[in-house]
1. So which residue, out of THR33, THR69, THR111, gets the largest mean-square fluctuation from a GNM of the chain using Cα contacts under 10 Å as springs?
2. Taking θ as phi - 60°, what are the ³J(HN,Hα) couplings along region 123-136 by the Karplus curve (6.51, -1.76, 1.60), each to the nearest whole Hz, with x for Gly and Pro?
3. Under Stokes-Einstein, with the Kirkwood radius over Cα pairs standing in for Rh, what whole-number D in µm²/s applies to region 3-144 at 20 °C and 1.002 mPa s?
4. Return the distance in nm (one decimal) between the two label points of a simple spin-label model at HIS62 and HIS15, each offset 7 Å from Cα along Cα→Cβ.
5. Return VAL128, VAL5, VAL84 ranked ascending by Cβ neighbour count within 10 Å, so the fewest neighbours appear first.
6. How many angstrom lie between the Cα centre of region 110-145 and the Cα centre of region 48-76?
Amino acid sequence: MTDLVETINAHGHEHVRAEHTSTFEVTSDDWLTPAGDCILAIEATTTPQEFDPAFKRACRSHEATITATLIVEDDDRTHEETIVGSGHPDLTFDDDRSAVGRTSTYVDDRTIMVEADAAAADLNRDLVAALAEGAECTLRLAVKS
């Protein structure tokens, strides 16, 4: 099996609520409204459109396992959560703003994984609180195919 990795660096925002029950998102936008209840971090340094072609190809299979590891650094400690999902032949990675993980099988140009075993609402509340304080966030995506 091959492990291919993409890393997105971003940071939290005062409006991070992480209450969405079927998705989680990291965006390159520099703002967040309270309505963005799936968004975990803003000002992402990398977007799906910029992912390596080999990574994208590896994710375009029902057999691919994609692991998203969120690492959030606040003043007191490091919070880490892992979400595991699947690849899908229809993943395009065409979006130039947002990376979205989904618990469903719905795919659009922002989707980075489907059938995720967790969404924003499932994340540890200490991690979410750190993001709401503006903590630094690293989203590490690894695919096994």
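Read-outs throughout are calculated quantities, based only on the coordinates presented, and are distinct from any laboratory measurement. Since the structure is predicted, the reported quantities are computational estimates derived from the model, not experimental observations. Here the Cβ positions follow ideal geometry from the backbone for every residue, glycine too, while neighbour counts run over all protein chains shown.
1. THR33
2. Coupling constants for region 123-136: 6, 4, 5, 5, 4, 4, 4, 5, 5, 5, 8, x, 4, 5 Hz.
3. Estimated via Stokes-Einstein, D reaches 148 µm²/s.
4. The two pseudo-label positions are separated by 3.9 nm.
5. Fewest-to-most Cβ neighbours within 10 Å comes out as VAL5, VAL84, VAL128.
6. Cα centres, region 110-145 to region 48-76: 11 Å.
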